[in-house]
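Notes to accompany the following structure.
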Amino acid sequence: MTRTFDVLVVGSGIAGLSFALKVAAQGHRVAILTKKTRAESNTNRAQGGIAVVMSNTDDFECHVRDTLTAGDGLCDEQVVREIVRDGPSRVQELVDIGLKFSRDKEGNYDLGREGGHSRRRILHVKDMTGKAIEEALLRAVARESRITLYEHCFAIDIVTAAKLRRRPGDWEGNRVCGLYALDVRSGRVKTFVAPVVMLSTGGAGQVYLYTTNPDIATGDGIAMAYRAGVEVRNMEFVQFHPTTLYSTTNLRFLISEAVRGEGAVLRTLQGRAFMRQYHPMADLAPRDVVARAIDREMKRSGAPHVWLDITHRSAAFLRERFPLITKTCRQLGIDLARDMIPVVPAAHYTCGGVATTLAARTALPGLYACGEVACTGLHGANRLASNSLLEAVVMAHRGAEAVGAYLQTEKPSRAKIPAWVDLGGGTEDERVVVSHNWEELRRTMGDYVGIMRTTKRLERARTRIANLKKEIHDYYWNFSVEPRLLELRNLVQVAELIVECALQRHESRGLHYTPDFPRRLKFAKDTAVKKR
Ligand code: SIN
């Protein structure tokens, strides 16, 4: 059966929900498709907060400067200025729908600090900011009758006019017509018709074995946009969060950078504080610098982790400011007020993504992207901490304005999208191939495309990924689709894009570091990949 809407939103994090509320308020019928349940998103895990100029001891110029410095010469300055400037109005809208940011005893916002920020400017809800924002937005969505939320609904591919004409390379008059999505519970593929698709699927941390991201972060939107012929940019800039809880399992629990903002110090296993020797901002240096320093210290000593030391703070302070981190560490026998925390870097944020304008528009008419899936130019070669929630709310608003204008000129889609053809079963044996390839892909990325890269290792990764891609595609075209297979198909695509962008960059800049090209080139340039 075909479902028809004005706007389809893929993903239910802060970007997708904010955007959906705004286009619904314009009178449009909106469907939100989420592959798991509504509350499962990257937003939910964001502990730190939202960087925004909200106090009279701060100013836009300073936030812009910190963002440009962290981005290591690759940010688009106009984009940075506009997003920073729009921040306070968008944050006020979150307050208006009921979000209660933490305040100090005098009733002022309790502003946190994280790496790369020269001022305290992070609004937070203790150490559970993302969860609080997500809940507030979901309550607002539940009150909006024009929004239909489809849970367990996995978007497979965007249907474009060119694909319907069976001439994918022919962009004349090309535009979005809808998408196919797997109803995970029934196993059937549904057709959604709409002139607009907004991708807000988050990042792709799951392409690495060790990540702070939830299971859903498989780069679905990036892979879909690429397959639809849209340009993807700067994928080599994968941000590794410096401090995730060390464990011998695959679990990586984030220890927010805000802990260092409250004075925590990184130490070697022998207790030596080492960050001062790497950067004048020491433990609050930009993330790329801190993650690389930890990587270097670990490699030099052979240690499996470093320590994060916040024992100078009282138990009462830590319980109040970081309840989630305190509780999680306590469950593992770590008392933050007495014990140091074992930490390692892990993949955290995809700075590159689907190329968009400041109106969240891609080059394909009707296709928009906002949040981590998109590359606006804000983050450059390294995202400044807590700028992601800011970008998500600002770009959701701008995207809604642009979509409103597009829908005034665009007639409702009457595209006849053929029903999905199911290619038949799959056996237990073949499912093993999926889990095997999943593991191999993520290990390859960790081993060859990690914090330190070399051309030789990137080329090795390229060969392995090409083999895996071929096997996964054969499987995709011969069996019924299921969520793990769809995710793997997207992951292998994203892995290929990361490697292709990394091989294009003949310099070390921000999060991309290679001893083969240790210098930063004089002129900063984006890398870009587009399907031919
Ligand atoms: C953190 O709390 O350290 C993560 C916040 C972010 O990634 O911006």
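Condition first: over 20 Å from D157 (Cβ atoms) and either modelled with pLDDT under 95 or outside any helix (DSSP H, G or I) (or both). Now tell me which residues in region 448-474 satisfy that.
Correct list: V449, G450, I451, M452, R453, T454.
Got a sec? Which of L511, L503, L491 is at pLDDT 95 or above and open to solvent by less than 10 Å² (accessible area, probe 1.4 Å)?
L491
Would a scan of region 206-216 turn up a residue that is open to solvent by less than 40 Å² (accessible area, probe 1.4 Å), closer than 25 Å to A419 by Cβ and at pLDDT below 95?
Checking region 206-216: not a single residue is open to solvent by less than 40 Å² (accessible area, probe 1.4 Å), closer than 25 Å to A419 by Cβ and at pLDDT below 95.
If a residue counts only when it is touching a residue at least 12 places away in the same chain (Cβ under 8 Å) and either within 23 Å of the chain's Cα centre (by Cα) or within 16 Å of the ligand (Cβ to nearest atom) (or both), which strands (runs of 3 or more DSSP E) contained entirely in region 1-120 have at least 1 such residues?
Result: 7-10, 30-33.
Where residues in region 326-343 are open to solvent by 10 Å² or more (accessible area, probe 1.4 Å) and in contact (Cβ under 8 Å) with a residue 24 or more places away in the chain, which of them is farthest from the ligand (Cβ to nearest atom)?
For region 326-343, the residue satisfying everything is R338.
For G399, state whether it is surrounded by 12 or more Cβ atoms within 10 Å (Cβ to Cβ), at pLDDT below 95 and among the small types (G, A, S).
In short, no.
Going through region 22-46 one residue at a time, which ones are at pLDDT 95 or above, open to solvent by 30 Å² or more (accessible area, probe 1.4 Å) and in contact with an Asp or Glu (Cβ under 6 Å, 6 or more places away or on another chain)?
H28, R29
Those residues that are over 11 Å from the mean Cα position of the chain (by Cα), crowded, with 24+ Cβ neighbours inside 10 Å, of a type in the set (A, V, I, L, M) and over 23 Å from T37 (Cβ atoms), I need them from region 217-239; list them, please.
Result: A225, A228, V232, M235.
Any chance region 355-364 includes a residue that's crowded, with 24+ Cβ neighbours inside 10 Å, within 16 Å of the ligand (Cβ to nearest atom), on the phi > 0 side of the Ramachandran plot and not acidic (D, E)?
No: zero hits.
Quick check on region 136-194: of everything there that is of a type in the set (S, T, N, Q) and touching a helix residue (DSSP H, G or I) at 6+ places or on another chain (Cβ under 9 Å), which residue is least open to solvent (accessible area, probe 1.4 Å)?
The residue in question is N174.
Please name all residue pairs, on different chains or six or more residues apart, with Cβ atoms under 8 Å, provided the first residue is in region 181-210 and is free of Cβ contacts under 8 Å to residues at least 60 places away in the same chain and the second residue is basic (K, R) and surrounded by fewer than 24 Cβ atoms within 10 Å (Cβ to Cβ).
D183/K190
Say we look at region 266-284 and pick out the residues that are open to solvent by 10 Å² or more (accessible area, probe 1.4 Å) and within 16 Å of the ligand (Cβ to nearest atom); which of these is nearest to H305 (Cα to Cα)?
Here the answer is D283.
If you scan region 240-261, which residues turn out to be more than 9 Å from the ligand (Cβ to nearest atom), part of a loop (DSSP other than H, G, I, E, B) and closer than 16 Å to M340 by Cβ?
Of everything in region 240-261, those that are more than 9 Å from the ligand (Cβ to nearest atom), part of a loop (DSSP other than H, G, I, E, B) and closer than 16 Å to M340 by Cβ turn out to be Y246, S247, F253.
Given R431, R520, R442, which one is among the charged types (D, E, K, R), surrounded by 14 or more Cβ atoms within 10 Å (Cβ to Cβ) and modelled with pLDDT under 95?
Step by step, each of R431, R520, R442 is checked, and only R431 is among the charged types (D, E, K, R), surrounded by 14 or more Cβ atoms within 10 Å (Cβ to Cβ) and modelled with pLDDT under 95.
The values are calculated or read from the model by the stated rules, or taken from the named source; none is laboratory data. The structure displayed is predicted, hence computed values, not measured ones. Using ideal geometry, Cβ is built from the backbone for each residue, glycine included, and neighbour counts are taken over all protein chains shown. Remember, those area values only see protein heavy atoms, side chains included, never the ligands or the DNA or RNA. Shrake-Rupley method; radii C 1.70, N 1.55, O 1.52, S 1.80 Å.
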